[in-house]
Amino acid sequence: MNFDLTDDQVALRDGIRSHLEGRFSMERVREGFDRSMFDELSEAGVFSLRADGFSWADSVVVYEELGRACVPGPLVGSAGADAVVDVIEGRGGDAVWVEHLASLDRLLTIGDDGIREIPAASLVGAEADWPLDPLTPAHRVESLPAGELVGTASEASRLLNELTLLTAAQQVGLSAALVDMSVGYAMTREQFGRPIGSFQAVKHMCAEMAVKAEVARAAVQAAACIMDDPSTGDEMRSLHGAKIVAGEAAIMNGRTATQVYGGMGFTWEVDVHLYLKRAWILETRFGSADSHADAVAEILPPADRSQR
Amino acid sequence: MDLRYSDVDEAFRARLREWLSSELPKLPEQPPRDDWSARRGWDTDWQRRLFDAGYAGINWPKEFGGQGATPSQHLVFLEETTRARAPYVGVNFVGLLHAGPTIIAEGTEAQKTDHLSKILRGDEVWCQGFSEPQAGSDLAAVRTKAVLDGDHYVVTGQKIWCSYGQIGDYGELLVRTDPDAPKHKGITWLMLPMDLPGIEIRPLKTVLGSSEFAELFLDEVRVPVSCRIGAENDGWRVTNVTLSFERGTAFVSEMVDALRLIDDLSPYVTDPAYRRELGHLAAEMDGIWALTKRNITQAARTGVMGPGSMMIKYAYSELRQRLGELSMKVLERDVLAVDAVGEFVEERLRTLALTIAAGTSQIQKNIIGERVLGLPKEPRP
Ligand SMILES: Cc1cc2nc3c(=O)[nH]c(=O)nc-3n(C[C@H](O)[C@H](O)[C@H](O)COP(=O)(O)OP(=O)(O)OC[C@H]3O[C@@H](n4cnc5c(N)ncnc54)[C@H](O)[C@@H]3O)c2cc1C
């Protein structure tokens, strides 16, 4: 057992991180997702990781970095695709919110009968005037077209698991970036003649954030290792768990970071809100923490009414 | 990065499992919780069985009588013994997880020869006399004074919260040898033979109604200089070596135990809202367990504990508090009798201490903030 990044994984992480730092500054990120961003990420190999022989453990390392850099776009749905793709849970006739509709080539739906494909051109909906996350445009599609069946039910649940994992990895990245931002601010912002990070109330907020991020990273990487080799653990339990702790880490760290920044944390200018808003949105994708917690509880020994 | 146990590890697991299934049924009945000499006997009997079967000191180096197990085998050992509900380290905790490793790291050859194999065989029980009434979180404020007199230190003072104090053969003792030096610079680490004249032990009753720990009153106790670990006045550094073992694997079996408790509680949890909460807690515990695996691999690979090692105690102990509260809600009126249903209420009581002992959660967060995140220390008044 070596439950730590290998040298190759460290290189992979550092490589993608420096690429993102160089090419995806917050200034650019704040302009939102567009085709050039997709092409560039595609070129960097982000969407072909599995085809290029990378493991799930490698993939979560990369997706964590995408989260850390707050890169917008349907990054999870486009994994493994040669086009801009998003994937949602739903079926024909549903009223749904679709993210990034204007940039999509196609939308996949995961339903009971399998995976269905809907060409983006056949999706019509009104764009939200005021999207929660300014970098995630949202369209209200009143009636989802049925689409064409392109994958079986078991392929659908496989896909759902993979996308859940990559989403959780992004959530870890958000949560970790929020720690770094908060610590950086706490070291430099002074009140009462000293850095606010020397006040225990602030220090403890930072410590709690760091623990959340670290536990979430371990959970997500464990789930990825188990997906790579299902004999090493309970695949579904670890996956549900990863989405739970990563989602909670991202949201809690977003809220806590807002607090650490004080009034600045409530401004449009400081990036914290972009991270928190993304965290809230990712929480709605592929199952909320509560729905996954229910699923974990299903895996635990069953409730036995005769005991009560 | 993987979670794969090697074939060698799996063979180790199979052999251990087989041994546990044949050995555990042979154990005598567990003694009553407040009969400390019987508890000592029971816990050390188990230690002796481990020793005889070649499992004692699983992660201690081979040259000191341990098994020199790889980190993954150590995990296998903890997983399997906990799952099989084998006895907990109990009164052997301080010796095996604290004092022994400190002697290995800092002791002289003679000290190693005198103590290590006895600890491994269950022949020597240790207790920890660090805390004092005026020195809890601020451990470096210890006042118990030791004055050199020939080849003895004459020790006078008071210790408190000394776990297993009433049955220990030796105590880990922090004393002040230089009252004029800055507080971190005047401390010395001594092995205290608990049968020396001048030691009075007064058991303290805990919220469980039993006496897990005691007060020690030391009145001109003559401790041989040969009992000193490390140099005089270098005791704070040695203390940090001792405490670092708590960041290693000292609490790992507690964690496997928490996973088991979640399974045990689950049948009682019928209310969907509580089941959801249990699902959350199980997920967090799985994450903490994964972080433990991370910490153990990192320490083995690099010899240095990673940031996660400073977080694990805080994360685990706080989770344990929440699990305890959930048990209380789930059991409803059955909480009126501690032993009405399973071990849940007793565990709720016991785990109240987890966020206090071995550094409170607040102190843990100071450590994470300062040592992991590099935030500035609070100015000293
Ligand atoms: C079950 C149990 C077993 C123990 N076993 C042993 C043993 O075998 N040997 C031994 O030597 N000791 C032992 N201890 C003692 C333990 O290490 C101390 O209780 C612990 O370090 C806290 O010290 P204290 O009790 O003096 O509390 P205090 O230090 O007085 O703390 C009281 C409160 O103040 C807070 N506080 C204190 N300082 C700060 C600060 N700087 N910043 C923020 N908050 C602060 C604490 O978090 C706590 O909430 C044991 C304790 C328990 C509960």
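The values are calculated or read from the model by the stated rules, or taken from the named source; none is laboratory data. Quantities reported herein were computed from a predicted structural model and do not represent experimental measurements. Cβ placement follows ideal geometry from the backbone for every residue including glycine, while neighbour counts extend to all protein chains displayed. Just so you know, the surface numbers come from the protein's heavy atoms only, side chains and all, with ligands and any DNA or RNA stripped out. Shrake-Rupley method; radii C 1.70, N 1.55, O 1.52, S 1.80 Å.
Data overview
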{"quantity": "For the stretch A:148-164, 3J(HN,Hα) per residue [Karplus equation, 6.51 cos²θ - 1.76 cosθ + 1.60, θ = phi - 60°, Hz, x = Gly/Pro]", "calculated": "10, 5, 10, x, 6, 4, 6, 5, 5, 6, 4, 4, 4, 4, 5, 5, 4"}
{"quantity": "More than 28 Å apart - percent of Cα-Cα pairs taken over chain B", "calculated": "49"}
{"quantity": "For residue B:163, residues with placed amide H under 5 Å, excluding near neighbours", "calculated": "B:128, B:214"}
{"quantity": "Potential lengthening between residue B:83 and residue B:337 on full extension [0.36 nm per residue; Cα-Cα distance subtracted]", "calculated": "88.8 nm"}
{"quantity": "Accessible surface buried upon A-B contact (total; probe 1.4 Å; Å², nearest 100)", "calculated": "5000"}
{"quantity": "Lys/Arg +1, Asp/Glu -1 at C-beta; the stretch B:86-128 dipole; positive extreme among B:105, B:88, B:125", "calculated": "B:88"}
{"quantity": "Heavy-atom accessible area per residue - the protein assembly as shown, 1.4 Å, Å²", "calculated": "42"}
{"quantity": "Per-q log10 I(q)/I(0), the stretch A:99-180, q = 0.11, 0.15, 0.16 Å⁻¹ (Debye; single scatterer per alpha-carbon; no solvent)", "calculated": "-0.40, -0.72, -0.80"}
{"quantity": "Of the chymotrypsin sites (Phe, Trp or Tyr not before Pro) in the stretch A:203-299, those whose Cβ has at most 14 other Cβ within 10 Å and which sit in DSSP loop", "calculated": "A:268"}
{"quantity": "Degrees, to the nearest 10: B:109-121 long Cα axis against longest axis of chain B", "calculated": "30"}
{"quantity": "The stretch A:113-185 versus the stretch B:355-381: alpha-carbon centroid distance in Å", "calculated": "39"}
{"quantity": "Buried on assembly, the stretch A:284-303 (at least 20 Å² less accessible surface than by itself, 1.4 Å probe)", "calculated": "A:290, A:293, A:294, A:296, A:297, A:300, A:301, A:303"}
{"quantity": "Solvent-accessible area, 1.4 Å probe, carbon plus sulfur percent, for the stretch B:98-187", "calculated": "47"}
{"quantity": "Exposure of residue A:273 as accessible area (Å², to 10), given a probe of 1.4 Å and all protein chains", "calculated": "20"}
{"quantity": "Top positive-direction residue, dipole computed over the stretch B:247-372 with Cβ charges, set B:265, B:248, B:281", "calculated": "B:248"}
{"quantity": "Cβ crowding within 10 Å averaged over residues, with B:264-277, A:170-183 ranked highest first", "calculated": "A:170-183, B:264-277"}
{"quantity": "Surface share of carbon and sulfur [accessible, 1.4 angstrom probe, percent] for the stretch A:1-88", "calculated": "45"}
{"quantity": "For the stretch A:154-298, size of Cβ-based charge dipole, Lys and Arg +1, Asp and Glu -1, in debye", "calculated": "580"}
{"quantity": "Descending semi-axes in Å of the stretch A:154-298, equivalent ellipsoid built from Cα gyration tensor", "calculated": "33, 15, 11"}
{"quantity": "Helix B:312-331 axis, angle to chain B major axis (alpha carbon atoms, nearest 10°)", "calculated": "50"}
{"quantity": "Nearest-20 debye value, the stretch A:7-68 charge dipole, Cβ charges on Lys, Arg, Asp, Glu", "calculated": "180"}
{"quantity": "Separation of the residue A:43 and residue A:201 label points, Cα + 7 Å toward Cβ, nm", "calculated": "5.0"}
{"quantity": "About the Cα centre, charge dipole magnitude for the protein assembly as shown (Lys/Arg +1, Asp/Glu -1 at Cβ), debye", "calculated": "1580"}
{"quantity": "Helical contribution to [θ] at 222 nm, DSSP H n ≥ 4, -39,500 (n - 2.57), averaged over the protein assembly as shown, rounded to 500", "calculated": "-15000 deg cm²/dmol"}
{"quantity": "When the stretch A:59-98 is reduced to its Cα atoms, the Kirkwood hydrodynamic radius in Å", "calculated": "11.8"}
{"quantity": "Normalised convex hull volume, the stretch B:126-231, alpha-carbon set, Å³ per residue", "calculated": "90"}
{"quantity": "Extent along principal axes [Cα atoms of the protein assembly as shown; Å; largest to smallest]", "calculated": "92, 62, 49"}
{"quantity": "5 angstrom amide H check on residue A:89, placed H, neighbours 5+ away", "calculated": "A:110, A:286"}
{"quantity": "Per-residue average of Cβ from other chains inside 10 Å of A:239-251", "calculated": "3"}
{"quantity": "Percent antiparallel among DSSP beta bridges (both partners in the stretch A:85-151, rounded to 5)", "calculated": "75"}
{"quantity": "Percent of Cα pairs exceeding the 30 Å cut-off, where the set is chain A", "calculated": "34"}
{"quantity": "Fraction of accessible area attributable to carbon and sulfur, the stretch A:147-263 (%, probe 1.4 Å)", "calculated": "54"}
{"quantity": "Within 10 Å of each Cβ in A:56-66, the average number of Cβ atoms from other chains", "calculated": "1"}
{"quantity": "Kirkwood estimate for the stretch B:247-372, i.e. one over the average of 1/r between Cα atoms, Å", "calculated": "15.4"}
{"quantity": "Under the Karplus curve 6.51 cos²θ - 1.76 cosθ + 1.60, θ = phi - 60°, whole-Hz ³J(HN,Hα) for the stretch B:40-52, x wherever Gly or Pro sits", "calculated": "4, x, 5, 5, 6, 4, 5, 4, 5, 5, 4, 4, 4"}
{"quantity": "Lysines whose Cα lies under 26 Å from that of residue B:118, excluding same-chain neighbours fewer than 8 positions away", "calculated": "B:26, B:62, B:159"}
{"quantity": "Percent antiparallel among DSSP beta bridges (both partners in chain A, rounded to 5)", "calculated": "75"}
{"quantity": "Between the stretch B:18-52 and the stretch B:250-264, the Cα center-to-center distance that results, in Å", "calculated": "20"}
{"quantity": "Rg/Rh ratio calculated on Cα atoms of the stretch B:7-88 (Kirkwood radius)", "calculated": "1.00"}
{"quantity": "Descending semi-axes in whole angstrom, ellipsoid equivalent of the stretch A:7-68, from the Cα gyration tensor", "calculated": "21, 13, 9"}
{"quantity": "Two-site label geometry, residue B:53 and residue B:260: point separation in nm, points 7 Å out along Cα→Cβ", "calculated": "1.3"}
{"quantity": "Sequence-distant residues sharing a close amide H with residue A:115 (under 5 Å, placed H)", "calculated": "A:150, A:151, A:152, A:156"}
{"quantity": "Percentage relative contact order, chain A, counting C-alpha pairs under 8 Å, at least six apart", "calculated": "16"}
{"quantity": "Using θ = phi - 60° and Karplus 6.51 cos²θ - 1.76 cosθ + 1.60, couplings along the stretch B:286-298 (whole Hz; Gly, Pro as x)", "calculated": "4, x, 5, 5, 4, 5, 4, 4, 4, 4, 5, 5, 4"}
{"quantity": "For A:224-232, mean number of other protein chain Cβ atoms within 10 Å", "calculated": "3"}
{"quantity": "Mean Cα-pair separation over length for the stretch B:49-94, i.e. relative contact order, pairs under 8 Å, 6 or more apart, %", "calculated": "21"}
{"quantity": "Computed accessible area, residue A:37, all protein chains, 1.4 angstrom probe, square angstrom", "calculated": "0"}
